[in-house]
Amino acid sequence: MGEIEDAIERADREAFTKDPPKTLKGQIGYLLKQMGSARAVAAELGVTADSVNRYRRGARKHARADVAAKIDDAVRQRWQPMVRKRRQKQAAATGGITVETRARFGYTSSAGSTDDGRFRRLTVKLPAAYAQRLFDARDTGASDQQMREIIAEGFKEVYFQDGGGRAMGLSDVEINDIDYLDLDY
């Protein structure tokens with residue numbers, strides 16, 4: 001996963017209205033209900049179906065650290081899909097998406113101005129159209145760089161050009177060296 005995809009995943013988790021199961025037995029029970037069989041859960045986690053059944057019965061109270069991480073990830077990916085979809089649909093229709101980042105921004109501009117990249121800490125609310133493009137790109141398997149370009153284009157329009165009020169000679173904005181990137185919608 002890239003930085004942008006991780007940020008979208010974190011924003012999705014913040015949308016949970018109820019916490020996912022925390023115990024191993026509860027998590028396995030939830031996965032069994034979602035996936036239908038111990039064999040399917042085992043294939044997802046990379047363990048045997050017998051191990052899954054031991055977790056379900058409580059015969060094994062703790063999973064290895066790597067398996068426990070896979071279980072947690074599998075539960076969080078499937079938890080409250082309708083809540084996630086509703087929030088994403090709202091962001092893409094009207095709400096937009098807020099991007100907070102500290103990164104090096106560089107840009108191509110008209111003569112007489114510098115295009116040297118520099119670190120900036122920005123919090124910018126991008127319009128709904130950018131949220132829709134970002135979600136569509138993620139759903140079609142776009143690379144992190146492609147999603148980064150969508151955000152950079154939104155920053156160009158909203159922040160650097162202030163919706164057409166300034167810096168009209170600005171042609172390209174690049175985001176590099178991301179310290180952190182957080183999304184909210």
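Numerical summary
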| item | result |
| --- | --- |
| Inter-site label distance for R86 and S143 at 7 Å from Cα along Cβ, in nm | 3.7 nm |
| Rounded accessible area of T123 (nearest 10 Å², 1.4 Å probe) | 80 Å² |
| Sum of -39500 (n - 2.57) over DSSP H runs of 4+, divided by residues of the chain (222 nm, nearest 500) | -14500 deg cm²/dmol |
| Average accessible surface area per residue within the chain, 1.4 Å rolling probe, Å² | 56 Å² |
| Stretch gain in nm, segment K25-E153, where the contour uses 0.36 nm per residue and the Cα spacing is subtracted | 41.5 nm |
| Surface share of carbon and sulfur [accessible, 1.4 angstrom probe, percent] for the range 20-141 | 49 percent |
| Loop-resident sites, the range 43-111, for trypsin sites (Lys or Arg not before Pro), counting at most 14 other Cβ within 10 Å (DSSP) | K61, R64 |
| Whichever aspartates and glutamates have a C-alpha closer than 19 Å to that of K70, once near sequence neighbours (fewer than 8 apart) are set aside | E5, D6, E9, D12, D19, E44, D50 |
| Assigned charges on the beta-carbon of Lys, Arg, Asp, Glu; the chain dipole about Cα centre (debye) | 1520 debye |
| Label-point separation in nm, H62 to N176, each point 7 Å along Cα→Cβ | 4.6 nm |
| Principal-axis tilt of helix 128-139 within the chain, Cα atoms, nearest 10 degrees | 50 degrees |
| 17 Å cut-off, amide nitrogen to a point 7 angstrom out along S37 Cα→Cβ, residues in the range 45-74 | 45-54 |
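The values are calculated or read from the model by the stated rules, or taken from the named source; none is laboratory data. Remember, it's a predicted structure, so these values are computed and weren't measured experimentally. Cβ atoms come from the backbone with ideal geometry, glycine included; neighbour counts cover every protein chain shown. Surface areas here come from the heavy atoms of the whole protein model, side chains and all, with no ligands, DNA or RNA. Shrake-Rupley method; radii C 1.70, N 1.55, O 1.52, S 1.80 Å.
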